[in-house]
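For reference, the structure is listed below as C-alpha cells.
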C-alpha cells in the first residue's frame, strides 16, 4: 500500500492564530495567581480558575472555526514565540504548531477541562485545600496544552513532564491518606521509566537530524535507516506506554484512582493518559518508516485492551472498573494508531468520543460517591436509578456509548478501529472483537450493581442527587457521548486529519463494513447477556465471595501486573541499591578488618559514624587503579 | 653551560600572576597588619585581586581573537597553552572563586565570626579552643589559601606539559586540604575529612606521578605536543603508554570524584566548612575537567581508541553509583556530594563524544563545547546549592539532616524555592540550564557512537530526577511539626548575593542559553 506521508509545513500565524500562545497562557496564569496569591485567593480563586480555561476554550473554538473556513492546505500554522537555543547550526525554538490534530485536542482539553472545573466547584466545595486543587488543575491544563501545541519534541517533552508533575500532585492530593501518597509515588516512578524512552528518543532524533522540530524530522524521515527508525519508534512507544498506562507500564493507573474523582475524569481518562496516543499519531512520520515498531505498537495495544478489560470484570471498586476500562479503551486507540495510516484518524476519533463518555462516567461515579458518603464499593450500591435520576440517565448515555450501542458515539468510533484491524490481520481483529464483548460484560455488570438490583446500602447512607453545578457538566458530557458520532458523517474526521496523517486508500475486499458492525453488536450483546445472567438475575452478595474460580482471582489481582512490575523494575533496582550501598560500606572494609568497628572514643563526638576508614578508601583507589590499567591493557593487547 | 632566561608572555599570563601575587601579599598581611584590621584587609584585597584577574582574563580572551592563525599561543617556553578553552575556564574558576570568597567572609550566620575555626592548632574540646573562640579569633589565612588554590586551578587547565600539570595539581590541592579542616563547628568531622582528603589525595598523586614518568618514558617528551607526536608515530612500546595513561587518569579521576575513586567525596563535602565545599565542589571540578580534556584530547587524542573503552566503564560506573547512592542518603550535603559524583559521570559522557573534526556533521556541537557548557551550569548550581545549605540552621549550627529540612518550604518558602530550583536544574528539567547541559553532553556522546553509555546516562538521570524531586517534596509537601526542625538564618548580603546571582544565572542559562553557548563555541578548540 503506497501513500505519501505528509510533511509538517506550517504557515506563519496570523489573525486570530497570533493569539495561540494565549490558549496556554490563560490557565498558566490561573495556576500562578492561585499558587502565589496564597490564601488571599481562597474565596474567588476557584472561580477564576474555572473561567480562565473556559476562555481558552472560546479561543480554541474561534480558531477551529477560522481554520475550517480556510483551504485544507492553510490549516497548519506555526507561531514562533522565541528562540530558545540558537548557536551555530543548533537551533531550538519555542514554537507552537496549530494544525487539525492539535485543534481537536485543544477543543477536547479546554472543553472537557472547563466542564470538569465547573463540576469540581461542587465536588470540592467542602475541601479546605480546594484553592490548591484548582491551581493544580490549571497547571495541568496549561501543561497539557503545551504538550499538544509544541512544534518540536523538546517543547512536547516540557508539557509531558508538566502533566506528569500535575498528575503526581493531584493523585497524592489527599495526602493524609497513605495509599494516596503511595499511589502518587508509583505513578511517578512508572512514568520515569517511560520518560527515559522519551528523552532517549529526543536525543536520537537530534543526533540523526540535528533538530527536534516536527517539520525538519518529517522532511528527513524518509532518509533515515530502517533500524534507526525502528529504534526511535520503540523508544517513543516506551514513552507512550508510561504515560498511557499500556502494558508493561500499566499498573499505576489503577492506583491513580486515589486522586479526587474530577482528576480521574480529566487526567486519567479524558486527556493526559491519551498523550501516548497523541505522541504516536503525531510521530506518524517516524512510525510509517518503522514497520517493526508499528507491529510492536499493535501487539502492545492488543495485549492492553484485553488486559484492561479483564481487570474491569473482577473489580468491585467502581473507579477501578472504570480505570481498567480506560486502559482497555486506550488500547483500542493505540491499536488504531499502530495500524498506520488506515487507523490514525480513527484512533483520534475514538480518543475524542472516549474523552466524552469516559469523563461523563467518571463524573457520574463521582456523583454517586458524593451521594454515598464516598463509598466506592459497588457491592454497597444497588437500585440507585431512583435516588439519582440525573446521574443515572447521563451515566446510561455513557454506558451505551462505551459498549457501542448502535447510533451512540462509541459505536462509530470503536467499530471503525475493529474494522480496520480485521482488514489488517484477522487475529488482531478477533482480539479487538473479543475485547468489545468483555467491555459489554463489565460495563453491564457495573450498571446493574450500581443502578439496579437490590439496595445494599450501608445503614445511615442516604443517597441523594448531586447539586446542579455537578449535574450540568454531566448533562453536557452525556449529550456529547450520544452525538459524538457526527464527526464521522461523510468521513469528515478522516478528511480533516488528512493533512497531518496522510490519506489512506480505499480498501477493497475483505469483510464489508456493515457486516463487521453486525458482528460487533452481536458480540457485545452476548457480553451484556452474560452479565445479565450472572449479575442481574441473582442477588449480589454485599461482600465479595472468597471462594472463586482462579480466573477471577487472577483478574482481581490486576493479572499480577504489580508483581510483574515489581519483578521487572522495583526488585532489580532495590537489589542494585542495596548491593552498591553494601559494597560502599562493608565490602572493602570487611576485606581488611572483618567488619566495621566503631571509631571508639571519637565516635561520641561525631554526629554519625563515618562508614569508612582511609585505608579502605585507599584500597578502593588502589583496586580502581588496577582495574583501570588492566582494562586498558586488556582491551588493547588482546 | 649556558643559561638562557625563559621567555614569559606577560601580556597573556598576567591574570595568573595577579592571583598569585595577591596571595603572597595576603601572607604578608597576616604578618604585619594588626589582627582587628586583617579581616577587612584580606577580604578587600582578595575580592579586588580576583576581580582584576577576571577583568584581565576577559581582556586576554578578547585579545586572543587578534592573534594570527590558531586562536591561542603556547606560552612559558611550552609549559602553558593560552587558548579559548583555557581562558574560558579561568573565567569560570574566577567566578566561582569570587562566590567562594563572599561565602568565606560571611559573619552573620555565626553571630559575628566566620565559619572557620578560631585557632586551628587548638585541640577540639580543650581550654585553648574555648579561649580562642571566646576571644573571637578567626583564621584570615583562608583568603591567601583560597588564592593559591585558585592559582593552581588556573594553571591546571592551561598546563601544556606534564611537569606543569603535576605542579598545578599539587598547588591547587594543598590549600584545599587545609581549608577542609578548618570548620569552626564539628571540628573532628572536619579534621577527619581533611586528613582523609590529604592522604587519599597524596596517594592518588603518587599514581599520577608514576603514570607521568611512564608516559615520559614512552614519548621522550614532557610536552603534550611531543607526546601527541610520539603517539601518532606509534613506534615505542605501547603497553608503556597504556599503563601511563591509566595511572595518570587515576590522579585526574580522583580529583573529579569518579567511581571508583569517589570515596572521599561525601566525607569531605560533609566535613569541610560549607563555604569551602561550595567553592571546591565547583572550582575543582571545573579545573580538573579542563586539564582532563586537554591531556586526553591533545596528548592522547590520537590513541583514543585505546582509552575510550576504559572511560566508558568509568563513566557508566560513576553515573550509576553516584545516582543510586544519592537515593539512600539522609543528609543534604552527602546527597549533593553523591549527585556531584554522578555529574562527573555525565561530564565524562561528554568527554566520550570527542571526534575528529572531519567526522563532525555540519553545525554539530563539539564535545568540548558540551562539556564547557555543562561545567558552567553545574558549577553555578552547585555553588548556589551549598550556599543555601549554609543558611539552613538549627540550634546546633548548620544542619543538613533530612528530617531537619522536612517542611522547610512552609517555614521559608523563598529559600526552599531557590534550593528546589537548583535541584531541578541539576536534575535537568527542561527550561533550566541543567537540561541543556545534559542534552548537549548526551547528544555529542551519541553522535560519537557511545550509545550504551548514553542509555545508562539517561537511566541514571532519571534516577537522579527521582531523588531530587523526592527532596523537593520533602521540603514542600511533607507535614511535620517536629523538634529540631531547621530554620533559615538570614545571612548578610554576602551570602544572599551569591545565592541570588547563581539562581539568576541558572535561570538565564536555562531560558536564553544562546549567548553562553555562543561563547563556549567561540572558545574554539585546544591549540596543539
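Each value in this text was obtained by applying a stated rule to the coordinates, not by laboratory testing. Remember, it's a predicted structure, so these values are computed and weren't measured experimentally. Cβ placement follows ideal geometry from the backbone for every residue including glycine, while neighbour counts extend to all protein chains displayed.
Given R0 = 56 Å, the distance between the Cβ atoms of residue A:175 and residue A:522 translates into a calculated FRET efficiency of 0.70. Neighbour counts of C-beta atoms inside 10 Å place A:472, B:386, B:300, B:346 in the sequence A:472, B:300, B:346, B:386, starting with the fewest.
List the residues of the range A:118-148 whose backbone N lies under 17 Å from a point placed 7 Å from the Cα of residue A:40 along the Cα-to-Cβ direction. Correct set: A:131-132.
Counting only other chain Cβ atoms within 10 Å of each residue's Cβ, the peptide A:445-455 averages 0.
Expressed as a fraction of 2.2 N^0.38 Å, the C-alpha radius of gyration for the range B:10-522 is 0.94. Taking all Cα pairs closer than 8 Å and separated by 6 or more residues, the relative contact order of the range B:10-522 comes to 14 percent. If the segment from residue A:503 to residue A:458 were pulled out straight at 0.36 nm per residue, it would be longer than the present Cα-Cα gap by 10.6 nm. Helices in chain B, meaning DSSP H runs of at least 4 residues, each add -39500 (n - 2.57). Divided by all residues, the mean residue ellipticity at 222 nm is -23500 deg cm²/dmol. Inter-chain neighbour count for A:239-250: the average number of beta-carbon atoms from partner chains within 10 Å of each residue's beta-carbon is 0. How big is D, in µm² s⁻¹, for the range A:101-220 by Stokes-Einstein at 25 °C and 0.890 mPa s if Rh is the Kirkwood radius over C-alpha pairs? Roughly 153 µm²/s, to the nearest whole number. Summarising the strand pairing of the range B:10-522, around 100 percent of its internal DSSP beta bridges are antiparallel.
Going from the residue with the fewest nearby Cβ atoms within 10 Å to the one with the most, B:47, B:389, B:87 rank B:47, B:389, B:87. Listed from fewest to most Cβ neighbours within 10 Å, the set B:155, A:515 follows the order A:515, B:155.
Every pair of different Cα atoms in the range B:393-524 enters the Kirkwood calculation, which places the hydrodynamic radius at 16.7 Å. Shielding value for A:195-208 is 6, the average number of Cβ atoms from other chains within 10 Å of each residue's Cβ. With R₀ set to 25 Å, the beta-carbon distance separating residue B:232 from residue B:2 gives a calculated FRET efficiency near 0.15. With Cα atoms as the point set, the radius of gyration and Dmax of the protein assembly as shown evaluate to 32.3, 114 Å. Measuring spread by the Cα atoms of the range A:176-236 yields a radius of gyration and Dmax of 16.5, 54 Å. Modelled spin labels at residue B:500 and residue B:488, positioned 7 Å past Cα toward Cβ, are 1.3 nm from each other.
Note on residue B:202 and residue B:163: the model spin-label points, each 7 Å out from Cα along the C-beta direction, lie 2.4 nm apart. Using the beta-carbon distance between residue B:135 and residue B:394 and R0 = 25 Å, what value does 1/(1 + (r/R0)^6) give for FRET efficiency, to the nearest 0.05? E(calc), rounded to 0.05, equals 0.45.
Peptides A:170-179, B:93-102, ordered by how many other C-beta atoms sit within 10 Å of their residues on average, highest first, read B:93-102, A:170-179. Beta bridges from DSSP with both residues in the protein assembly as shown: antiparallel share about 95 percent, rounded to the nearest 5. Using alpha carbons only, the radius of gyration of chain A set against its Kirkwood radius gives Rg/Rh = 1.02.
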